[in-house]
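All remarks here apply to the structure that follows.
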Amino acid sequence: MEINFQKCGEEHLDTLVEVSKATFITAFKDQNNPDDFDAYIAHAFSRPRLYTELNNAETAFYFVYGNGELVGYFKLNTNNAQTDIKLPESMELERIYVLRNFQGRGLGEIIVEKAKKMAKDLGKSFLWLGVWEKNQRAIKFYERQQFYQFGTHPYYIGNDKQTDWLMRSDL
């Protein structure tokens, strides 16, 4: 499969909203309280919110295409756009999602490698992310990609306070 990456701009907003909601719902809806989950989706993936994030110079979204078809996306944050660490030598991989029909094809590894390369190219010394402590499948995936836990932080789905592991990969 030929993989290509495209940086998202305002012209991609509607597709970004759609794919963001679809992938998050597929990944987490069944494990969360419906009211909290619906409130989170309505806020986190709203058109105005994603528009603002797209226009933040320290945030970048990328679509991932396989053989010309949209298969996923990821989001990178630097400096003050990072949700937690905010160090100049770090980059946050805040979101990485592959559409369900394309999972299990090694795309996650390709996306992580691309994010690491982008961080290295910017002179960053580590890439970090937050992953829900109950998402053992994702934790094991990140460990295979040379990430290790270095802390935790709270993550709210609506009013439900959850705990994310903070994981990093030294570059």
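A short reminder: the numbers here are calculations on the coordinates, not readings from a lab. Because the structure is a prediction, the values reported are computed rather than measured. In this analysis, Cβ positions are derived from the backbone assuming ideal geometry, glycine residues included, and neighbour counts consider all displayed protein chains.
Please give the FRET efficiency for D170 paired with N80, using the beta carbon to beta carbon distance and R0 = 35 Å, rounded to the nearest 0.05.
0.95
Can you pull a Stokes-Einstein diffusion coefficient for the chain at 4 °C (1.567 mPa s), Rh from Kirkwood over Cα pairs, as a whole number of µm²/s?
Once the numbers are plugged in, D ends up at 79 µm²/s.
Given only helices, namely DSSP H runs of n ≥ 4 each adding -39500 (n - 2.57), what is the per-residue ellipticity at 222 nm of the chain, to the nearest 500 deg cm²/dmol?
-10500 deg cm²/dmol
Report the Cα-based extents of the stretch 63-131 along its three principal axes, largest first, to the nearest Å.
Taking max minus min along each principal axis of the Cα atoms, the stretch 63-131 gives 36, 22, 17 Å.
Quote to one decimal, in nm, the extra length available between D36 and L122 on full extension: 0.36 nm per residue of separation minus the C-alpha distance between them.
Contour length minus Cα-Cα distance gives 27.3 nm.
For the residue pair A22 and F5, what label-to-label distance in nm results when each label sits 7 Å from Cα along the Cα-to-beta-carbon direction?
Roughly 2.2 nm, to one decimal.
Only residues of the stretch 147-171 count here: report those whose backbone N is under 14 Å from the spot 7 Å along Cα→Cβ of E89, or say none.
Zone members listed by number: 169-171.
How much length is gained on full extension from H153 to R105, taking 0.36 nm per residue of separation minus their Cα-Cα distance?
Taking H153 through R105 to full extension adds about 14.2 nm, to one decimal.
With a point put 7 Å past each Cα toward its Cβ, work out how far S46 is from K161 in nm, to one decimal.
For S46 paired with K161, the spin-label model returns 2.4 nm.
Less than 27 Å apart at the alpha-carbon level, and either on another chain or at least 8 residues along: which lysines does that give for K86?
Candidates past the 8-residue exclusion: K7, K21, K75, K114, K116, K117, K120, K124, K134, K140, K161.
Counting only residues 5 or more places away or on other chains, whose amide H sits under 5 Å from the amide H of Y156 once H atoms are built in the peptide plane?
Q162
Taking each pair of different alpha-carbon atoms in the stretch 35-94 once, compute 1/r for the pair, average those values, and report the inverse of that mean as the Kirkwood hydrodynamic radius in Å to one decimal.
13.0 Å
Among I25, I157, which comes first, then next, by fewest other beta-carbon atoms within 10 Å?
Placing the least packed residue first, the sequence is I25, I157.
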